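Engineer: Just passing along the structure, written as structure tokens.
The values are calculated or read from the model by the stated rules, or taken from the named source; none is laboratory data. Not measured: the values here are computed from a predicted model. Positions of Cβ are generated from backbone atoms using ideal geometry, with glycine treated the same way; all protein chains shown enter the neighbour counts.
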Amino acid sequence: MIKSYGVFAEFYDVLTANIDYKKRALYFDELIKRHDGKQGGLLLDLACGTGSLSEELDNLGYDIIAVDNSPEMLGIAMNKKIEHQKNIQYVCQDMRELDLFGNADITVCALDSLNHLKNFKDLCVVFRKVFMFTEPGGLFLFDINTEYKHKTVLGEHTFIYDADEVYCVWQNSCQNSTVNIDLDFFVPENDKYLRYSESFQETAYPLSDVENALIDTGFEILGIYDDDSFEPVRLNSERAVFAVRKGV
């Protein structure tokens, strides 16, 4: 039966079971090392979702503040925190209204969270907020879906997820570089299925526009990498990873 969490939050971990969060945390840790970030520093996990990446980064010795605008997602993250006895500070905030008591040494924003922003103006607002709450010399590391992925990989395609807990139909429609996503969840209960639906959008932008917005904000571009690698981003990259620094 669906709990008090929203349906997408309730099954988020099931639908993302293919993601190796430990591997992703190690990748970001290596980026931090390569770009002389503060090892074990204060790390902001922006749009942390259910806290899986936050916990893996905590395991690597970082002091974690994790922010998300979904009370349902954070509710699940808090349950994990209690179960695993973590010292992560979770905060419910819209990333466009980020307001911390101090500055982070590193900010990480993963799993195409920035693509969920409504428009490019909002993306620029988030860049300015992160810049404001980053220590001089601090790093901002994030990934973002590319236009190639939205137009070619997601496009007009439908995906099926079949797990014991839920059967999910993921339908996409694409206009320019914005993908409209419709999710139908079929949840078994006794001898029937209960159906729940959610919809949202993701928008991709030319990487050159993202780069220019970061520079205009005051960040120094350290690297733009192909999905979870240290190779340069390509024309057919599905995800780009940006590593940028706030000047000293």
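Engineer: Which one is farthest from the chain's Cα centre (by Cα) among residues in the range 13-37 that are within 20 Å of E135 (Cβ to Cβ) and crowded, with 17+ Cβ neighbours inside 10 Å?
Structural biologist: Filtering the range 13-37 for residues that are within 20 Å of E135 (Cβ to Cβ) and crowded, with 17+ Cβ neighbours inside 10 Å, the one farthest from the chain's Cα centre (by Cα) comes out as G37.
Engineer: Right, another one. Being modelled with pLDDT of 95 or more and either buried (at least 16 other Cβ atoms within 10 Å of the Cβ) or of a type in the set (G, A, S) (or both) is the filter here; which residues of the range 228-248 pass it?
Structural biologist: S229, V233, S237, E238, R239, A240, V241, F242, A243, V244, R245, K246
This table checks each residue for (1) part of a helix (DSSP H, G or I); (2) modelled with pLDDT under 95.
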{"position": "T107", "(1), (2)": "no, no"}
{"position": "N115", "(1), (2)": "yes, no"}
{"position": "K121", "(1), (2)": "yes, no"}
{"position": "F131", "(1), (2)": "yes, no"}
{"position": "G138", "(1), (2)": "no, no"}
{"position": "L141", "(1), (2)": "no, no"}
{"position": "Y148", "(1), (2)": "yes, no"}
{"position": "V153", "(1), (2)": "yes, yes"}
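Engineer: Kindly evaluate Y5 against the criterion of being modelled with pLDDT under 95, outside any helix (DSSP H, G or I) and among the hydroxyl-bearing types (S, T, Y).
Structural biologist: yes
Engineer: Take the range 136-151 and flag every residue that is over 21 Å from the mean Cα position of the chain (by Cα) and on the phi < 0 side of the Ramachandran plot. Give the steps one after another, and end with the answer.
Structural biologist: From the range 136-151, those over 21 Å from the mean Cα position of the chain (by Cα) are 136-137; that's our starting set.
Across the range 136-151, the qualifying residue is only P136.
Engineer: While we're here: The conditions are (1) among the β-branched types (V, I, T); (2) in contact with a Gly (Cβ under 9 Å, 6 or more places away or on another chain); (3) in contact (Cβ under 8 Å) with a residue 60 or more places away in the chain; (4) assigned to a strand (DSSP E or B), and V179 fails exactly one of them. Which is it?
Structural biologist: (3)
Engineer: Does the range 60-76 include one or more residues that are among the aromatic types (F, W, Y), free of Cβ contacts under 8 Å to residues at least 12 places away in the same chain and out of contact with any Phe, Trp or Tyr (no Cβ under 7 Å at 6 or more places or on another chain)?
Structural biologist: Checking the range 60-76: not a single residue is among the aromatic types (F, W, Y), free of Cβ contacts under 8 Å to residues at least 12 places away in the same chain and out of contact with any Phe, Trp or Tyr (no Cβ under 7 Å at 6 or more places or on another chain).
Engineer: For the range 58-83: of the residues being within 16 Å of the chain's Cα centre (by Cα) and in a loop (DSSP other than H, G, I, E, B), which is farthest from Y12 (Cα to Cα)?
Structural biologist: It comes out as N69.
Engineer: Among the candidates F242, F230, F200, which residue alone is part of a loop (DSSP other than H, G, I, E, B), in contact (Cβ under 8 Å) with a residue 40 or more places away in the chain and either touching a Phe, Trp or Tyr at 6+ places or on another chain (Cβ under 9 Å) or aromatic (F, W, Y) (or both)?
Structural biologist: Only one candidate qualifies: F230.
Engineer: Report the residue count in the range 182-206 for those that are surrounded by fewer than 17 Cβ atoms within 10 Å (Cβ to Cβ) and hydrophobic (A, V, I, L, M, F, W, C).
Structural biologist: Of the residues in the range 182-206, 3 are surrounded by fewer than 17 Cβ atoms within 10 Å (Cβ to Cβ) and hydrophobic (A, V, I, L, M, F, W, C).
Engineer: If I ask for residues that are farther than 17 Å from L154 by Cβ and aromatic (F, W, Y), which ones from the range 181-227 would you list?
Structural biologist: Correct list: F185, F186, Y193, Y196, F219, Y225.
Engineer: Right, next: Among the residues of the range 100-121, how many are without any contact (Cβ under 8 Å) to a residue 12 or more places away in the chain and either of a type outside the set (F, W, Y) or crowded, with 22+ Cβ neighbours inside 10 Å (or both)?
Structural biologist: Result for the range 100-121: 1.
Engineer: Checking the condition farther than 30 Å from F131 by Cβ and touching an Asp or Glu at 6+ places or on another chain (Cβ under 9 Å), which residue from D162, D184 passes?
Structural biologist: Only one candidate passes the filter, namely D184.
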